[in-house]
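Written below as structure tokens is the structure these notes are about.
Derivation of every value follows stated rules applied to the coordinates shown; laboratory data play no part. Please read these numbers as outputs of a predicted model, since none were measured by experiment. Neighbour counts are summed over all protein chains in view; Cβ atoms, including those assigned to glycine, are modelled from backbone coordinates with ideal geometry.
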Amino acid sequence: MSKKPVRVAVTGAAGQIGYALLFRIASGEMLGKDQPVILQLLEIPDEKAQKALKGVIMELEDCAFPLLAGVIPTGDPLVAFKDADYALLVGARPRGPGMERADLLAANAQIFTAQGKALDQVASRKVKVLVVGNPANTNAYIAMKSAPSLPRKNFTAMLRLDHNRAASQIAAKTGTAVGDIEKLTVWGNHSPTMYADYRFATVGGKSVKDLINDQVWNADTFLPTVGKRGAAIIEARGLSSAASAANAAIDHMRDWALGSNGKWVTMGIPSDGQYGIPKDVIFGFPVTTENGEYKLVEGLEIDKFSQERIDKTLKELQDEQAGVAHLL
Ligand code: NAD
Ligand code: LMR
């Protein structure tokens with residue numbers, strides 16, 4: 001007998017990432033080839049955005065996906081998040097000309113406060129929320145704080161793209177297969193301050209750190225390459241990453257829902273104080289996932305170099321939080 005459909009809300013559904021994401025969700029790549037889905041798609045009420053959304057839905061229909069059990073387009077978060085089992089918050093205000101980071105934070109704080117409240121009111125109590133829209137960690141923090149009746153652990157931010165970028169760089173450096181790399185993580189903020197950490201990583205059972213054995217490459221090439229990859233893609237494409245971002249969102253949600261089979265993956269999750277990260281800060285951590293729950297990998301040794309990096313990315317996140325505190 002076929003499974004009951006689950007409700008997947010996606011915001012910013014007519015944007016670039018939306019276009020790379022929806023078809024993969026509808027084809028079963030996120031929740032499994034036996035799991036029917038109902039897509040609940042939120043766009044701004046603006047006529048142009050709603051018309052573009054209609055076009056995307058026409059294409060979804062034309063794919064005749066057997067797992068697509070329904071599509072609900074809307075401009076209202078209360079409709080988009082109604083009984084949602086999964087919510088991918090992609091839509092965000094992009095930085096405009098002359099806009100300072102503080103303006104961007106404030107504009108997004110309004111969006112994510114409203115969406116957090118709507119999730120609180122109408123979503124499934126078990127809703128799994130992934131925030132992709134930037135600044136992703138702080139937007140997830142705002143949504144979580146605006147949804148007091150939902151468990152804090154339901155709110156996550158996307159660090160998986162950074163994790164995947166780091167894995168790819170390591171595979172190229174060591175001449176190994178990217179799929180064989182294990183125990184990699186990215187600590188902190190989805191921003192250039194993130195700390196991609198391969199000290200514990202292995203490939204084919206061998207230590208990645210020993211294989212590379214080059215701290216200068218780590219500090220001067222690897223970390224800046226991974227940290228500034230988003231900007232490098234904007235520079236090359238004239239647009240920010242979309243297919244790779246959608247792919248990372250699929251990876252994040254699939255592993256959360258279906259399990260990582262013991263593998264470490266990176267998720268931005270609300271801290272409970274581990275590794276000295278204050279409670280509630282949404283921080284990139286190594287986790288394993290099983291039975292629909294993530295579990296932080298605890299007890300890793302943090303050396304001086306790593307501590308400095310972690311302190312730097314934490315400070316940036318705390319500054320972002322302070323910048324929106326008056327809006328919460
Ligand atoms: P885009 O501009 O192509 O699409 C965003 C869409 O969101 C637009 O269609 C817009 O109308 C919609 N939108 C804006 N405000 C909304 C709201 N309040 N409710 C619903 N929809 C809303 O942008 P994109 O390339 O798809 O990127 C989306 C976001 O993802 C950006 O903030 C981008 O910086 C971020 N991003 C994050 C990562 C990551 O790793 N965390 C990676 C890439 C991009
Ligand atoms: C990315 O990492 O590709 C995105 O967050 C885009 C950006 O602004 O860096």
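Count, please, the residues in the range 134-184 that happen to be in a helix (DSSP H, G or I) and in contact (Cβ under 8 Å) with a residue 60 or more places away in the chain. Break it down stepwise before answering.
Taking the range 134-184 as the starting set, the residues that turn out to be in a helix (DSSP H, G or I) are 136-145, 152-154, 160-174, 178-180.
Keeping just the survivors that are in contact (Cβ under 8 Å) with a residue 60 or more places away in the chain gives 136-138, 140-142, 144-145, 152-153, 160-166.
Within the range 134-184, residues that are in a helix (DSSP H, G or I) and in contact (Cβ under 8 Å) with a residue 60 or more places away in the chain number 17.
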Checklist line | Cβ pairs under 7 Å, 6+ apart, first in the range 202-224 and under 25 Å from Thr313 (Cα atoms), second in a helix (DSSP H, G or I) and hydrophobic (A, V, I, L, M, F, W, C) | finding: Thr202/Val208; Val208/Ile170
Check: So which residues in the range 185-201 are within 16 Å of ligand 2 (Cβ to nearest atom), free of Cβ contacts under 8 Å to residues at least 40 places away in the same chain and under 13 Å from Thr266 (Cα atoms), if there are any at all?
Finding: Ala196
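Take the range 72-89 and flag every residue that is of a type in the set (Ser, Thr, Tyr) and over 10 Å from Glu43 (Cβ atoms).
The first filter runs over the range 72-89 and keeps only residues of a type in the set (Ser, Thr, Tyr), leaving 74, 86.
Hit for the range 72-89 is Tyr86, nothing else.
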Checklist line | Unmet requirement for Val287, which otherwise passes all of (1) hydrophobic (A, V, I, L, M, F, W, C); (2) exposed (fewer than 14 other Cβ atoms within 10 Å of the Cβ); (3) in contact with a strand residue (DSSP E or B) (Cβ under 8 Å, 6 or more places away or on another chain) | finding: (2)
Note to self: Given the condition exposed (fewer than 15 other Cβ atoms within 10 Å of the Cβ), of a type in the set (Ser, Thr, Tyr) and over 19 Å from the mean Cα position of the chain (by Cα), answer yes or no: does some residue in the range 148-159 qualify?
What the structure shows: yes
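Quick one: in the range 247-256, which of the residues that are touching a residue at least 40 places away in the same chain (Cβ under 8 Å) and away from ligand 1 (no atom under 12 Å from the Cβ) is surrounded by the most Cβ atoms within 10 Å (Cβ to Cβ)?
Let us first name the residues in the range 247-256 that are touching a residue at least 40 places away in the same chain (Cβ under 8 Å), namely 247-254, 256.
Cutting the leftovers down to away from ligand 1 (no atom under 12 Å from the Cβ) gives us 250, 253-254, 256.
Details: Ile250: 19, Met253: 24, Arg254: 19, Trp256: 21.
Applying the filter and picking the extreme gives Met253.
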Next item on the list: Go through the range 76-94 and give me each residue that's assigned to a loop (DSSP other than H, G, I, E, B) and more than 8 Å from ligand 1 (Cβ to nearest atom).
Entry: Asp76, Phe81, Lys82, Asp83, Ala84, Asp85
Check: Taking the range 203-232 as the region of interest, how many residues are more than 18 Å from Arg165 (Cβ to Cβ), of a type outside the set (Gly, Ala, Ser) and either within 16 Å of ligand 1 (Cβ to nearest atom) or not in a helix (DSSP H, G or I) (or both)?
Finding: 3
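Hey, among Asp272, Asp251, Asp280, Asp255, which residue is in contact with a His (Cβ under 9 Å, 6 or more places away or on another chain), within 21 Å of Val129 (Cβ to Cβ) and not aliphatic (A, V, I, L, M)? Don't jump to the end; show me each part of the working.
Numbers: Asp272 fails: in contact with a His (Cβ under 9 Å, 6 or more places away or on another chain); Asp280 fails: in contact with a His (Cβ under 9 Å, 6 or more places away or on another chain); Asp255 fails: in contact with a His (Cβ under 9 Å, 6 or more places away or on another chain).
Going through Asp272, Asp251, Asp280, Asp255 in turn, just one is in contact with a His (Cβ under 9 Å, 6 or more places away or on another chain), within 21 Å of Val129 (Cβ to Cβ) and not aliphatic (A, V, I, L, M): Asp251.
Could you identify the single residue in Ser240, Ser244 that is surrounded by fewer than 20 Cβ atoms within 10 Å (Cβ to Cβ), part of a helix (DSSP H, G or I) and either in contact (Cβ under 8 Å) with a residue 24 or more places away in the chain or within 13 Å of ligand 1 (Cβ to nearest atom) (or both)? Explain how you work it out, then say what you get.
Details: Ser240 fails: part of a helix (DSSP H, G or I).
Matching residue, one of Ser240, Ser244: Ser244.
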Next item on the list: Those residues that are within 16 Å of ligand 2 (Cβ to nearest atom), surrounded by fewer than 18 Cβ atoms within 10 Å (Cβ to Cβ) and not in a loop (DSSP other than H, G, I, E, B), I need them from the range 96-133; list them, please.
Entry: Arg101, Asp103, Ala107
Checklist line | Matching residues, the range 1-45, being more than 16 Å from ligand 2 (Cβ to nearest atom) and among the aromatic types (Phe, Trp, Tyr) | finding: Phe23
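How many of the residues making up the range 1-11 are surrounded by fewer than 23 Cβ atoms within 10 Å (Cβ to Cβ) and either within 9 Å of ligand 1 (Cβ to nearest atom) or within 19 Å of the chain's Cα centre (by Cα) (or both)? Before you say what the answer is, go through the steps one by one.
Narrowing the range 1-11 to residues surrounded by fewer than 23 Cβ atoms within 10 Å (Cβ to Cβ): 1-7.
If we keep only those that are either within 9 Å of ligand 1 (Cβ to nearest atom) or within 19 Å of the chain's Cα centre (by Cα) (or both) too, we end up with 7.
Counting residues in the range 1-11 that are surrounded by fewer than 23 Cβ atoms within 10 Å (Cβ to Cβ) and either within 9 Å of ligand 1 (Cβ to nearest atom) or within 19 Å of the chain's Cα centre (by Cα) (or both) gives 1.
Being part of a helix (DSSP H, G or I), touching a Ser or Thr at 6+ places or on another chain (Cβ under 8 Å) and among the charged types (D, E, K, R) is true for just one of Asp251, Asp255. Which residue is that?
Numbers: Asp251 fails: touching a Ser or Thr at 6+ places or on another chain (Cβ under 8 Å).
Checking each option against the conditions leaves just Asp255.
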